[in-house]
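Reading through the C-alpha cells given below for one structure.
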Amino acid sequence: MDPDLVLADWAGRRITVEIDRPLGTRHPREDDMVYPVNYGFVPGTLAPDGHPMDVYVLDGSEPLERCEATVIAIVRRRDDVEDKLVAVLDPGFAWDSAAITTAVDFQERYFDSWIELP
C-alpha cells in the first residue's frame, strides 16, 4: 500500500491516461488474462514501483490509446507497494464499491485489495 497516495488529492480530478493495455488485449505475461477495461498510467507521475501511477478506466466500450478521465476511487493493495487509481470517462454515472470490485477483479483477485471511495 502506498501511504503517500491520498484519495482527497485525486478524487474528482480530471487526468490524462496513456493506455498501454487497451480493452480486449492480453496481459503481457499472463496469456489467459484479457483486459475487460482500458488500463494505463498517468504520465509524469511516479508510483512506489518506480513506474508511472497505474489507472483502471472503467467505462468505455472501445479500446483506447489515450483518454481524459475523472478519478473516482483508489484500489488499495495490502500486499503490494503500489495502489491503482480508478477513473471513468463519464463522471455522471455513479460507481459503487461492488461495481468497481467486479470491474477490476480480473487482476485484483491476485492481491489483497479493497476499494477506497471519496
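Below is a table of values for the structure above.
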item: Residue count for the stretch 56-90, restricted to those that are part of a strand (DSSP E or B) and either among the β-branched types (Val, Ile, Thr) or free of Cβ contacts under 8 Å to residues at least 24 places away in the same chain (or both); result: 8
item: Residue count for the stretch 45-69, restricted to those that are at pLDDT below 95 and either of a type in the set (Val, Ile, Thr) or on the phi > 0 side of the Ramachandran plot (or both); result: 3
item: Residue list for the stretch 1-26, restricted to those being free of Cβ contacts under 8 Å to residues at least 60 places away in the same chain and assigned to a loop (DSSP other than H, G, I, E, B); result: Pro3, Asp4, Val6, Arg13, Pro22, Leu23, Gly24, Thr25
item: Any hit, the stretch 27-36, residues being in a strand (DSSP E or B), over 14 Å from Lys84 (Cβ atoms) and touching a residue at least 12 places away in the same chain (Cβ under 8 Å); result: yes
item: Selection from the stretch 38-66 of residues that are under 13 Å from Val17 (Cα atoms) and aliphatic (A, V, I, L, M); result: Val42, Met53, Val55, Val57, Leu58, Leu64
item: Residue match in the stretch 80-100 (condition: over 19 Å from Trp10 (Cβ atoms) and modelled with pLDDT under 95); result: no
item: Given (1) among the acidic types (Asp, Glu); (2) over 16 Å from Ala87 (Cβ atoms); (3) in contact with a Gly (Cβ under 9 Å, 6 or more places away or on another chain), number of the condition Asp54 does not satisfy; result: (2)
item: Condition met for Ala47 (under 15 Å from Glu116 (Cα atoms), more than 12 Å from the chain's Cα centre (by Cα), of a type in the set (A, V, I, L, M) and surrounded by 11 or more Cβ atoms within 10 Å (Cβ to Cβ)); result: no
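The values are calculated or read from the model by the stated rules, or taken from the named source; none is laboratory data. Just so you know, these numbers come straight off a predicted model, no measurement behind them. Cβ sites come from the backbone with ideal geometry, for glycine too, and all protein chains shown count toward neighbours.
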